[in-house]
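Asker: Once you've had a glance at the structure underneath, I'll fire off some questions.
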Amino acid sequence: MSSTPLGSGDGTRPTTSGGVDNIGGGEKFSSTKNKAGEDVSGPAPKERMQSKRKSAEASQRDDSAPLGLAEDLTPETNREPGGGSEPAGDSASREEAIRRAAYDAYQRRGGEGGHETQDWLEAEAEVDRQHAAKR
């Protein structure tokens, strides 16, 4: 094996063993040393919030009530918007009527794409108007 570099990168950079001995090689965690020159490590500094700990009595008191932050924790079932007064079959026929009306609007426009949402919303309003007129 030759000691001269053969190609790009061969021998041009210092190599490491890849082991843990070269991780963080230039850094020291503690800058404090004793007389013998050894690193001095001690307990970690006190945390700032440690002095503000509450007593057991203080933590039992709920401060959120005066701010109106108390909430009702009783579970509620999810309901459909509008109260869900329609029977399931009526809802399916309503959606089918909306689909037909939206498709009719698409055909009246000459089959031009890009207006699907507008067609659907207009069809929805039209079907709802017809449904309200029948009541």
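Derivation of every value follows stated rules applied to the coordinates shown; laboratory data play no part. Source: prediction; values computed, not measured. Cβ atoms come from the backbone with ideal geometry, glycine included; neighbour counts cover every protein chain shown.
Asker: Taking the range 88-134 on its own, what percent of its Cα-Cα pair distances exceed 13 Å? Don't jump to the answer; show the numbers that get you there.
Answerer: Details: 573 of 1081 pairs.
Every Cα pair in the range 88-134 considered, those over 13 Å come to 53 percent.
Asker: I want to make sure I understand the PRE zone here: with the label point 7 angstrom from the Cα of R99 toward its beta carbon, which residues in the range 121-135 have backbone N atoms less than 18 Å away?
Answerer: 121-128
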